[in-house]
Every structure is written in C-alpha cells, then in structure tokens.
Amino acid sequence: MTVVVLGAGPTGLSSAFKLASLKKDVYLIEKESFTGGICASFEHSGCILDLGPHRFTPHTKEIYEFVKSLAGVNLLLIKQKLKVRLKGKFLPYPISPKDIILSLSPLVSAGYILSFLGSAIAPGKKEIKTYRDWVIKRFGKNIYDDIFKPIAMKTWGMDPGDIDSLLAEQRISMPGVKDIILGMIKGKNKSDFQEGTYYPAGCFYYPETGIGNITSSIERSIRQDGGKTHTLTNATGINLHPEKRAVESINIEKSGSRETLKTDFLISTIPLPVLIKLINPAPPDEVIKASKELKYRSLILLYIIARKSFVSNCIGHYFPEKEFYLSRISEQKNFSEKTVPSEKSVICIELSCQKDDERWNQSDESLFKKAIKDLEKSGLLLESEVESFFSRRIAHTYPLYPVGFQKNLMTVLDYLKGIENLITNGRLGLFKYNNLHHSLEMGLMAADHVLSGKPKEENWEKMTKIFDAYKMIE
Ligand SMILES: Cc1cc2nc3c(=O)[nH]c(=O)nc-3n(C[C@H](O)[C@H](O)[C@H](O)COP(=O)(O)OP(=O)(O)OC[C@H]3O[C@@H](n4cnc5c(N)ncnc54)[C@H](O)[C@@H]3O)c2cc1C
C-alpha cells in the first residue's frame, strides 16, 4: 500500500511514522526546507530556538508515552511561570482574584471583581454568538475590555464582536467565575493531574534540546523505517479517477523537476484552500468559492539576542494593553537552559499579521525599533543590551473565525467527505485550533483509519468526533 502525506508538521509526521513503522510505502511531501511545521526548532548563533514558544502538555497517557519513547527525546518537567502586564504592573498569569486585589488599585480591582461576579448572576437569556458575548458572560465586561478585547485585536486583527464564539470555546482555558465556585464546592482534586490532562497542574513538559527534538526524532524514525521525506517539494496537482471520485496520483515538483506519485491514499495536512485548488478535475464552483473565504492569520517571529544571562525568570509575558505594540514574548532559556549559551538569552516576540500586509512587509529593523521601546518601558531589556535580532515569517498559523465561517467550512468539508481515499487533517487541514499533543493523536488516528480499510463515513468521520472536545492550552 502506498500513502502520500502532504505537510510534515506533527500531524503529517505522526501519520507517516505509524504507516512507515508497519512497512507501508510512505511519501511525506513538505514545501519548506525542514520538517516539524510550527513545532520545529532551528540553530542560530549557537542557540537552539523554537519556531514560537511551545510547551508539551499531553492530554492522555498514550500521547505522553508515545513522545517519551522517541529516541533521543529527554523530557524536562518545567514549572509554568507566565506574567501579564496590566495597569503598569506585571501580574502572574492566569490572573487570580487574589492577585487582582493585592496588585491593582482598589477602584480597578473592585470594578473587575464586581463585573466578574455580575457575569455569573446576570440572567443568561442573551444568545452567545460571538467571542465578545462568550468572554463577557464568563469574565465580565471590565476584564473583557482590559485584557481579552485588546489581545484578540492584536492576535486576529478583528473586533471580538465579529468573531464566532467557537474560537473562545476552543482557546480559552482560564477558569470563569462558575468554574471557580464549582471547584470550591467540589474541593481540591486529589490527583496532581487536572481532568483531561496528563501532566502535573501548573507545569509542562519540554524536550531538553528544543521542541523540534520531538518532530525531528519522529522524522528520523520514518526514514529509518524506509519512509521517504521530500522537503522543498510542492504538491502541484491531485488527480482524481474520472469515475470513482478517488485520488489516483499526486503531481509534485522539486527544484524544477516534476514527478507523479501513484497512491492508494492521500492524507493532507496543508491549508484547506490550497488543497481545494490542487484537485483535478476542479471541485464545483461553490466549493472553490467557500474555500477562498477560509482565511488564516500569519505570524512574524522576531528574535532578539540579549547580551545578558537572563532577561526574566518567566517563560513568557503577555502585553494585552493597547499602549503596547507587543502582545506576547517568550524567553527560550527558561524552557531549557541547554538551548542557549550561558552568557546570552533570546526573546521571541510574536507579531500577528496577514501575509503581504504592511506589517508582514516591514523590515526587521523597523519591527525591532517598535518592540525594544516596549521592552525598555516595561523594564525587561535595554537596547544597549541587545547583541542582534532577526525574524522568521510563517504564512499560516491561526485559522480566522469570523461569525458565519462555519457555513463555508462545512461546504468544503462536505465535498471532501465524498473522496473516499482522501483525509484532510490537523490544524490547517481541518481549520481547527489544536495543540502539538492533539496533532500527534490526530495523525496517529488517521494512520489507523487508513490501515483499517473501513469506509470513511463509518470509521474516520466517527473517530474525528473526539477532536471537537479538544481544549487548547494558551
Ligand atoms: C505561536 C504558536 C505557539 C504555539 N504553542 C503551543 C504550545 O505551547 N503547545 C502546543 O502543544 N501547541 C502549541 N501551538 C500549536 C501547535 O504548533 C500546532 O498544534 C501544531 O503545529 C499543528 O500541527 P500540524 O501538523 O497540524 O500543522 P503545522 O505544524 O502547521 O504543519 C503543517 C505543515 O504543512 C506544510 N505545508 C503547508 N502548505 C503546504 C503545501 N502546499 N505543500 C506541502 N506542505 C505544506 C507546512 O510547511 C507545515 O510544515 C502553538 C502554535 C503557534 C502558532
């Protein structure tokens, strides 16, 4: 059996891993020069840096053990220390009522607490349609205005009143007032693990030599088992059988040379609109139109190398307030000291944008000038302490969920359901927010489906129901 997998992020890699380990013919096609997707690490100036901050927070024993068993992966257990800048101060994140009372002015904290409590007792008649509705119902208007609204504007570039409430449901894990009260009634959980997690509360796992250690170890294993990984390779066409509505072959192109791979099955983890565009003969017009409406946010990662051993003692800092250009920064060395030489430290700044917009096209110098102002203002880093800076740009990171997006998504997914030997999967392929541990599970499950030989409707469509219950870590 031959299987082609498009995209070598954690989802595609774990599918290829399982199939190759069972001696199936696997071709993994990746457009970048490296594998690992967003969960890759790279070397720069003697440092190992992640493509954005990544914590490994498995949700099941199986996924924890899968990663633990990978050759060369040494998982450290790290205490999660995050801060949020609010009203001129850094507070521990997630914010607790105690920290609000102790750290903020009586007027501000009274406003937060009253609107927080008010949100729980307010009559729940209003239909929850948007991100704004969802957050206000759970945390109150003051916390929405000061934290959630500005951070959403920075991340998605949209007013939360125009974003579907599903995004808040999938992404916000901070306990609301009802959860806090229920937690107090139920008492403290006796186990170290919270429900639906397989790591000690308040901690996360991290591979000693960078998050990419997980994905590169999976890739090594695929190659050892005879799987073929093609990087810097573009899929240029997906050819369907004229009568059977099944994939027959994939056209690929690498450095100007073209090849057609005959395949029994295609697992795609690339963005949905890209997948739709590749299919020959072309899907119906309404499917093409709907796929063009599915948009992703892009991300610039600006790395600043500092001439000091540590910038802070935290893994990350959030800057929700409008007055800050920054939204989130992370410090690589606080994930693992092994990744950065002792005399320096590296800050990674996440800047969301749309590919080809004004920010995307800005020079690193111009991005740095704005970022360093904020770092100086908040007392974290002075320009005189900076050794150098550079950026990495990722075109597809966050699926965008404007109100009503689900209609377009369903149109595209319903069409793809009809192609029996094609699965679209993962964060980009299912247009679904997820984490590394979810991606690994999604990829392994896709391989199980391929191996089962069962009809998609009877097997895969049912298996994927568990993806709806995935809860993100922020
Ligand atoms: C800033 C940031 C921080 C995050 N932090 C965490 C965290 O702390 N913990 C956590 O568990 N998760 C975190 N995540 C989520 C995690 O990165 C994703 O869940 C995971 O990477 C999704 O894996 P994937 O394989 O589905 O997609 P991706 O990793 O996006 O992989 C898709 C792959 O497809 C390739 N591709 C795209 N188009 C084509 C094409 N046309 N042809 C061939 N290949 C193509 C891409 O180059 C990429 O390699 C974070 C994500 C971001 C953006």
Exercise. Within region 1-16, how many residues are assigned to a loop (DSSP other than H, G, I, E, B) and more than 12 Å from the ligand (Cβ to nearest atom)?
Worked result: 1
For this session: Assess whether E441 counts as being surrounded by fewer than 16 Cβ atoms within 10 Å (Cβ to Cβ), under 22 Å from G52 (Cα atoms), modelled with pLDDT of 95 or more and not assigned by TED's automatic domain parsing to the domain that holds M158.
Result: no
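Within region 224-232, does at least one residue satisfy the condition of being of a type in the set (V, I, T), touching a Lys or Arg at 6+ places or on another chain (Cβ under 9 Å), closer than 29 Å to N408 by Cβ and assigned by TED's automatic domain parsing to the domain that holds G12? Please lay out each step first, then the result.
Taking region 224-232 as the starting set, the residues that turn out to be of a type in the set (V, I, T) are 229, 231.
Narrowing further to those that are touching a Lys or Arg at 6+ places or on another chain (Cβ under 9 Å): 229, 231.
Filter once more, so that each one left must be closer than 29 Å to N408 by Cβ: none.
There is no residue in region 224-232 that is of a type in the set (V, I, T), touching a Lys or Arg at 6+ places or on another chain (Cβ under 9 Å), closer than 29 Å to N408 by Cβ and assigned by TED's automatic domain parsing to the domain that holds G12.
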Exercise. List the pairs whose first member sits in region 203-219 and is at positive phi, whose second member is assigned to a strand (DSSP E or B) and within 11 Å of the ligand (Cβ to nearest atom), and whose Cβ atoms are under 6 Å apart, counting only residues at least 6 apart or on separate chains?
Worked result: G210/D50
Exercise. Is it fair to say R328 is among the charged types (D, E, K, R), in contact with a strand residue (DSSP E or B) (Cβ under 6 Å, 6 or more places away or on another chain), closer than 28 Å to G36 by Cβ and not assigned by TED's automatic domain parsing to the domain that holds W156?
Worked result: yes
Problem set entry | Test result for R392, assigned to a loop (DSSP other than H, G, I, E, B) and touching a Leu at 6+ places or on another chain (Cβ under 8 Å) | no
For this session: Sort through T229, T236 and tell me the only one that's part of a strand (DSSP E or B) and either small (G, A, S) or more than 11 Å from the ligand (Cβ to nearest atom) (or both).
Result: T229
Problem set entry | Test result for N408, touching a helix residue (DSSP H, G or I) at 6+ places or on another chain (Cβ under 8 Å), more than 16 Å from the ligand (Cβ to nearest atom) and not small (G, A, S) | yes
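State all residues of region 417-435 that are away from the ligand (no atom under 16 Å from the Cβ) and part of a helix (DSSP H, G or I); if no residue qualifies, say none.
K417
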Seminar exercise, completed: Here the residues within region 278-310 that are within 20 Å of Y398 (Cα to Cα) and either among the aliphatic types (A, V, I, L, M) or within 12 Å of the ligand (Cβ to nearest atom) (or both) are A290, L294, Y296, R297, S298, L299, I300, L301, L302
For this session: Scan Y27, Y64 and give me the residue that is closer than 24 Å to G202 by Cβ, of a type in the set (F, W, Y), within 15 Å of the ligand (Cβ to nearest atom) and touching a residue at least 24 places away in the same chain (Cβ under 8 Å).
Result: Y64
For this session: Could you please give the count of residues in region 70-90 that are closer than 14 Å to I147 by Cα and either assigned by TED's automatic domain parsing to the domain that holds D146 or surrounded by fewer than 17 Cβ atoms within 10 Å (Cβ to Cβ) (or both)?
Result: 3
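Which members of region 34-48 meet the condition of being within 14 Å of the ligand (Cβ to nearest atom) and either closer than 14 Å to A235 by Cα or of a type in the set (A, V, I, L, M) (or both)?
Passing the criteria: I38, A40.
Matching residues to (1) assigned to a loop (DSSP other than H, G, I, E, B); (2) among the polar types (S, T, N, Q); (3) under 21 Å from the mean Cα position of the chain (by Cα):
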site	(1), (2), (3)
K18	no, no, no
K23	yes, no, no
S33	yes, yes, yes
G52	yes, no, yes
Y64	no, no, yes
L70	yes, no, no
L91	no, no, no
Exercise. Based on what the data block shows, is M472 hydrophobic (A, V, I, L, M, F, W, C) and either in a helix (DSSP H, G or I) or out of contact with any Lys or Arg (no Cβ under 7 Å at 6 or more places or on another chain) (or both)?
Worked result: no
Problem set entry | Subset of region 436-454 [away from the ligand (no atom under 13 Å from the Cβ), charged (D, E, K, R) and in a helix (DSSP H, G or I)] | D448
Problem set entry | Residue among L51, L19 that alone is near the ligand (Cβ under 10 Å from one of its atoms) and either touching a Gly at 6+ places or on another chain (Cβ under 9 Å) or β-branched (V, I, T) (or both) | L51
For this session: Select from region 55-86 the residues that are touching a helix residue (DSSP H, G or I) at 6+ places or on another chain (Cβ under 6 Å) and not hydrophobic (A, V, I, L, M, F, W, C) and list them in ascending order.
Result: P58, H59, G72
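The values are calculated or read from the model by the stated rules, or taken from the named source; none is laboratory data. Note that the coordinates shown come from a computational prediction; the quantities given were computed from them, not determined experimentally. Glycine also receives a Cβ, built like all others from the backbone with ideal geometry; neighbour counts cover every protein chain displayed.
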